[in-house]
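The values are calculated or read from the model by the stated rules, or taken from the named source; none is laboratory data. Quick caveat: nothing in here was measured; it's all calculated off a predicted structure. Don't worry about glycine lacking a Cβ; one is built from the backbone with ideal geometry, like all the others, and counts go over all protein chains shown.
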Amino acid sequence: MNSLLSELEKNLLSLKSSNSLLAIKAEFEAEGTRIDELSILSYLCTKNEIPLTLKIGGASAKRDFYEAFQLGADNILVPMIESDYALENCCQSFNDFAKDFKSLNKIPSLSINIESITGCKNFRNIIDKIKILSLPIRNIVIGRSDLAESLGLKDVNSEIILNESSKIIELCNKNNIEVTIGGNLTKDSYVFLKNYTENQIKAFESRKCTFLYLNIIDKSEFSEIIEMGLKFELSWLNFKRKMYLSRSEEENLRISTINKRISK
């Protein structure tokens, strides 16, 4: 376990040294992060002064908001915002917990995912609501995987996804809201991202990492960043697998003891 933890931290520090890493991510939503797992990531990020983003289960997931505040997440990401109603709902929960945790030195930032065609169609209303009510949304994350699925598409780098993303980016830029591109980012996503400048999008993200976007980055540098993110994710999965195997072995010992007692 110690060697795997060391490997995990080594890959984390490699990411940090690249000067591209903005945050490490955990998900209650798609990834199903458990509290003990989140505690380990939070510890490593705090120790190495790296921000932690927690993607919660949804706009109404109040318990997830609580855990994010309690465990010291630097950023909270709310998935599948498809209406101004869902937007207000999540902002209300965020503001309530911000009051409860007002003694914290730093309150987390709040971001939302736009990742369905319904969210895209309602995005102008969502932006208008943010502006009118001065809602605490700092960043919009475009989730291309779910967006493509909602459109019946397989290619997240397609022209249709590019067009929908551009509409969102344009409205965000006009309203001084940062944009992050996510959703099945691979080395092949380089051409898609190169349609934008760093003034248009702030960052791009993989399952476990958020990276600063610079238009001057070349394809080899981009591929290297993606690979470092994948190595970190792999080391995290290996660590989790070993952790749960160890726990299972502990239970097996007790099961064996009980079976022997029953058979006597």
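Scanning segment 81-133 for residues that are more than 20 Å from Phe204 (Cα to Cα) and of a type in the set (S, T, N, Q) yields Ser83, Asn89, Gln92, Ser93, Asn95, Ser103, Asn105, Thr118, Asn122, Asn125. I'd like to check something: does segment 171-180 contain any residue that is surrounded by fewer than 19 Cβ atoms within 10 Å (Cβ to Cβ), farther than 25 Å from Asn195 by Cα and among the polar types (S, T, N, Q)? Checking segment 171-180: not a single residue is surrounded by fewer than 19 Cβ atoms within 10 Å (Cβ to Cβ), farther than 25 Å from Asn195 by Cα and among the polar types (S, T, N, Q). Out of all the residues in segment 232-253, is one or more crowded, with 16+ Cβ neighbours inside 10 Å, at pLDDT 85 or above, among the polar types (S, T, N, Q) and farther than 28 Å from Ile127 by Cα? Yes; the residues of segment 232-253 include at least one that is crowded, with 16+ Cβ neighbours inside 10 Å, at pLDDT 85 or above, among the polar types (S, T, N, Q) and farther than 28 Å from Ile127 by Cα. For Ser235, the conditions (1) of a type in the set (Ser, Thr, Tyr); (2) touching a helix residue (DSSP H, G or I) at 6+ places or on another chain (Cβ under 6 Å); (3) in a loop (DSSP other than H, G, I, E, B) are fulfilled apart from (3). Restricting Ser235, Ser223, Ser246, Ser189 to residues that are among the hydroxyl-bearing types (Ser, Thr, Tyr), over 19 Å from Val141 (Cβ atoms) and free of Cβ contacts under 8 Å to residues at least 60 places away in the same chain narrows the list to Ser223. Set side by side, the residues Lys202, Lys208 differ, and just one is in contact with a Lys or Arg (Cβ under 6 Å, 6 or more places away or on another chain) and touching a residue at least 40 places away in the same chain (Cβ under 8 Å), which is Lys208.
Only a single criterion out of (1) of a type outside the set (Phe, Trp, Tyr); (2) in contact (Cβ under 8 Å) with a residue 40 or more places away in the chain; (3) within 25 Å of Gly183 (Cα to Cα) is not satisfied by Ile112, namely (2). Among residues of segment 107-130 being out of contact with any Gly (no Cβ under 9 Å at 6 or more places or on another chain) and among the charged types (D, E, K, R), the one that is surrounded by the most Cβ atoms within 10 Å (Cβ to Cβ) is Lys129. Return only the number of the condition from (1) over 20 Å from the mean Cα position of the chain (by Cα); (2) in a loop (DSSP other than H, G, I, E, B) that Asn125 does not satisfy. Among (1) over 20 Å from the mean Cα position of the chain (by Cα); (2) in a loop (DSSP other than H, G, I, E, B), the lone unmet condition for Asn125 is (2).
For segment 181-213: of the residues being part of a strand (DSSP E or B) and of a type outside the set (D, E, K, R), which is surrounded by the fewest Cβ atoms within 10 Å (Cβ to Cβ)? Filtering segment 181-213 for residues that are part of a strand (DSSP E or B) and of a type outside the set (D, E, K, R), the one surrounded by the fewest Cβ atoms within 10 Å (Cβ to Cβ) comes out as Leu212. If I filter segment 148-167 for residues that are buried (at least 19 other Cβ atoms within 10 Å of the Cβ) and under 19 Å from Gly58 (Cα atoms), do I get at least one hit? Scanning segment 148-167 turns up no residue that is buried (at least 19 other Cβ atoms within 10 Å of the Cβ) and under 19 Å from Gly58 (Cα atoms).
The sole residue among Phe192, Phe239, Phe204, Phe232 that is aromatic (Phe, Trp, Tyr) and either farther than 23 Å from Lys55 by Cβ or in contact with a Gly (Cβ under 9 Å, 6 or more places away or on another chain) (or both) is Phe204.
Are any residues in segment 16-44 buried (at least 17 other Cβ atoms within 10 Å of the Cβ) and more than 22 Å from Leu71 (Cα to Cα), and if so, which ones? Correct list: Ser20 only. Kindly indicate whether any position in segment 65-79 is in contact with a Gly (Cβ under 9 Å, 6 or more places away or on another chain) and more than 20 Å from Ser145 (Cβ to Cβ). Checked against the condition, which is being in contact with a Gly (Cβ under 9 Å, 6 or more places away or on another chain) and more than 20 Å from Ser145 (Cβ to Cβ), segment 65-79 yields no hits at all.
Is it the case that segment 6-13 has a residue that's closer than 24 Å to Ser103 by Cα and either surrounded by 14 or more Cβ atoms within 10 Å (Cβ to Cβ) or in contact with a Phe, Trp or Tyr (Cβ under 6 Å, 6 or more places away or on another chain) (or both)? No, segment 6-13 contains no residue that is closer than 24 Å to Ser103 by Cα and either surrounded by 14 or more Cβ atoms within 10 Å (Cβ to Cβ) or in contact with a Phe, Trp or Tyr (Cβ under 6 Å, 6 or more places away or on another chain) (or both).
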